[in-house]
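Each remark here refers to the structure printed beneath this line.
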Amino acid sequence: MKKSIVLLVLCTAVLCARADEGMWLLPDLKTQNEVAMMELGLQIPIEEIYNPTGIALKDAVVHFGRGCTGEVISAEGLVLTNHHCGYGAIQQLSSVEHDYLTDGFWAMSRDEELPCKGLTITFIDRILEVTDYVNQQLATDEDPAGTNYLSPQYLEKVALRFAATENIEVTPATQVELKPFYGGNRYYLFVKSVYSDIRIVGAPPSSIGKFGADTDNWMWPRHTGDFSLFRIYADKEGRPAEYAPENVPLQVKKHLTISLAGIQEGDFTFVMGFPGRNWRYMISDEVEERMQTTNFMRHHVREVRQQALMEEMLKSDAVRIHYASKYASSANYWKNAIGMNEGLVRLNVLDTKRAQQEQLLRRGEELNDTSYREAFETIQSVVSQRRDALYHQQALSEALITGLDYMRIPSVTGLRNALQDKNKSRIRTEKEKLQKAAEAYFASVPFPEVERKVAVSMLDTYKQYIPASQRISIFRLIDEEFAGDSDAFVAAGFQQSIFGSPENFEQFIKKPTLKALDNDLMIRFKNSINDGAYQLALEVQGSNAYDAAHKTWVKGMMDMRQEAGIPIYPDANSTLRLTYGQVLSYEPADGVTYEHYTTLKGVMEKEDPDNWEFVVPEKLKTLYLEKDFGPYAMENGEMPVNFIVNTDNTGGNSGSPVFNAKGQLVGTGFDRNYEGLTGDIAFRPASQRAACVDIRYTLFIIDKFAGASHIIRELTIE
């Protein structure tokens, strides 16, 4: 009877685990998910998806860069991901003369594949549960504050100890990462191979890869060819290596098979990827805090910055190319924050959370266990105490840290110390270091006039939300010396600071002085930001009580669900996960139904040659008019573009492979729908969908639009 009551309450709270909810750990699939996946339609054994002692689909799924997913689609290291995941690399390689963002890029031979500086692709070689080992280490190590169980620095030490014990070789290319799950109730170790010679192979023009841009972002229906192609290179022995002309394409141990059969309503699908963060175990107070701090500031501060940037980007191709990636990244979670807050209100998620937490508190009373009540009250208290500091922290971060590129000035601490010591040899050394850093800095901010415009808007926006008595110290200087005029302060900084221009810096470095450093406006501004950020971090962090309470609370939720026979899964933390569900249409509002797929016809219907977001390339229009779709069309002759699935996903799943019941690649995940943006906090099966590029559209663009048929011949297609 108790189990039935628990199950009923959890389901009425709309948090009952369904087949399409959950970001599942691969080692748990066999025991937790195999039966449900088979019932939904999976046609292959779990061992073909994840096999701890053999090769499986998992071995073709890679962590792309630091925040996306990719999949290996050829035996020679060809990797498919999203266009927006490769956007930064495409932007870095672009110039006014070679505008790959606008025109696209296609390497017609291996020699034309371009190296992407700083880009990495990571394979997960092994996943090991090491909970018992970590708990043993925690029991023997000195930890007076009792916080090591979540400390990245401590867990890194434990990972290296475990690797040494198990004879796992650790190198710059072979890494181990130990992460806590369920608030520190379980631990997994990931053994990874990191490749750093990554070269771009192909990317469609932005008119295809970003079709719809900000207007369509997070929306359905979509008509976006959001994909790009890269290749992994290694040394001649197949080992990870830094870029070298003599490196060769990696001969991978597993690549995916592509299906041209397409998808139908109700088809079973599963997705593997690296979802970044979600917060399914929040209490209602934390949800309110998220809405009023992080989401509020992302909405209102980024909106101002993006407007200022877009005005300048539309005036100059050079400015557009330089800021394209920064703008896209900012705009992405600006709209996410707006949609999440709207959805949390519309779907009464706070009531859902209150019902869930009341159930756990009642369970504690029935068991005569006060730990749940104590944990809940501790979390409430911490959230209440840190709320104002978190609000200020988010304003500072959005406006003056991430918002101001020109504030990433080099550190002058080394030179300052050398000047104070009057050590001539050390002064020479520090001058050389600072000169090198300054060269990189000035190269990173080539448009000071744009930086000035953005800075003024950000300073005024910060002032709008933070009272004068609470603002960081630089505002006292602005008030006293510039009569509160942000524009005058910024202008003076660019005119006078050693980092205001290369000429200013060259004049300073010839004869550096402490007085010049102490009076420098940009340096004082940066120091003020750093001091404010540090103080706010201390206030937000508070005591360690929250982490301990959260661990207890999550353990209670785990126990309650397991008692009710409901499988459990941890919050996302950028580790490899699997989600599954079906291709499904949905009804966002009364009388409105969104189909499960879109076609090239919709691209043509959205075309607006006067709006850069909806420009359609002439060649694509010609292919459409002539119905020249090759083998990639649907049975009815239409050209598919995107489709939706009800699998659980979040940021980091971008680029994730979408598999059919046979384990074949049918698409690439690239977005969520607006109605499903609450999913980071509470999953709603009826309304949450993941938008995917149909693999047939990807192949059509590569083959018929780009004429890169040599890439098609490299693939395994059924």
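The values are calculated or read from the model by the stated rules, or taken from the named source; none is laboratory data. This is a predicted model, so every value here is computed, not measured. Reconstructed Cβ throughout: ideal geometry from the backbone, glycine too, with neighbour counts over all protein chains shown. The protein model used for the area step is the full one, side chains on, heavy atoms only, and it has no ligands, DNA or RNA in it. Shrake-Rupley method; radii C 1.70, N 1.55, O 1.52, S 1.80 Å.
By per-residue mean of other Cβ atoms within 10 Å, what is the highest-first order of 506-517, 78-89, 576-587?
Details: 506-517: 13.2, 78-89: 25.0, 576-587: 22.5.
The densest-packed peptide leads the list: 78-89, 576-587, 506-517.
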Highest to lowest packing among 167-180, 317-330, scored as the average C-beta count within 10 Å: 317-330, 167-180
How far, in nm, would the chain grow between residue 368 and residue 625 when pulled straight, counting 0.36 nm per residue and subtracting the alpha carbon separation? 85.3 nm
With a 1.4 Å probe and all protein chains left in place, how much of the accessible area of region 204-247 comes from carbon and sulfur atoms, in whole percent? 52
Can you send over the carbon and sulfur percentage of the accessible area for region 68-133, probe radius 1.4 Å, protein chains only? 50
Given a 1.4 angstrom probe, I'd like the percentage of the accessible area of region 298-446 that is carbon and sulfur, rounded to a whole number. 47
Which listed residue (456, 501, 440) has the Cα farthest towards the positive end of the charge dipole for region 440-512, taking +1 on Lys and Arg C-beta and -1 on Asp and Glu C-beta about the Cα centre? 440
Label point distance in nm, residue 709-residue 537, each placed 7 Å from Cα along Cα→Cβ: 5.7
Dipole check, region 124-226, charges on Cβ (K,R +1; D,E -1), about Cα centroid: among 151, 207, 124 the Cα furthest to the positive pole belongs to 207
Report, in whole Å, the centroid distance computed from the Cα atoms of region 633-678 and region 321-348. 20
Within region 390-414, the residues whose backbone N lies under 14 Å from a label point placed 7 Å from the Cα of residue 477 along the Cα-to-Cβ direction are 407, 409, 412
Separation of region 553-578 and region 496-539 by C-alpha centroid, Å? 48
Along Cα→Cβ, 7 Å out, is where each label goes; now give me the distance between the ones at residue 311 and residue 243 in nm to one decimal. 3.6
Model label zone, residue 442; criterion: amide N under 15 Å from point 7 Å along Cα-to-beta-carbon; scope region 385-420: 409-410
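What is the gain in length, in nm to one decimal, between residue 544 and residue 503 on full extension, counting 0.36 nm per residue of separation less the C-alpha to C-alpha distance?
Working: separation 41, 0.36 × 41 = 14.76 nm, distance 4.84 nm.
Length gained, residue 544 through residue 503: 9.9 nm.
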Can you give the FRET efficiency to the nearest 0.05 for residue 559 and residue 589, using r as the Cβ-Cβ distance and R₀ = 35 Å? 0.40
Here FRET efficiency (C-beta to C-beta, residue 408 to residue 387, R₀ 22 Å, nearest 0.05) is 0.15
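Let's see if you can work this out: charge +1 on each Lys and Arg Cβ, -1 on each Asp and Glu Cβ, no other charges. What is the dipole magnitude of the chain about its Cα centre, in debye to the nearest 20? Kindly include the intermediate steps, with their values, before the conclusion.
Details: 75 positive and 98 negative charges, 301 e Å.
For this selection, approximately 1440 debye.
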Just order 685-691, 599-605, 94-100 by mean Cβ neighbour count inside 10 Å, highest at the front, would you? 685-691, 599-605, 94-100
Between residue 515 and residue 153, what FRET efficiency follows from the Cβ-Cβ distance if R0 is 35 Å, with the result rounded to 0.05? 0.35
Can you give me the accessible area per residue for the chain, using a 1.4 Å probe, in Å²? 42
Whichever aspartates and glutamates have a C-alpha closer than 17 Å to that of residue 253, once near sequence neighbours (fewer than 8 apart) are set aside: 47, 48, 59, 71, 76, 125, 235, 237, 714
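Grab the Cα-Cα distance for residue 279 and residue 530, subtract it from 0.36 nm times how many residues apart they are, and report the gain in nm with one decimal.
Details: separation 251, 0.36 × 251 = 90.36 nm, distance 2.81 nm.
Working it through step by step, the gained length comes to 87.5 nm.
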Projected onto the charge dipole of region 22-65 (+1 at Lys/Arg Cβ, -1 at Asp/Glu Cβ, origin at the Cα centre), which of 63, 40, 50 gives the Cα projection farthest towards the positive end? 63
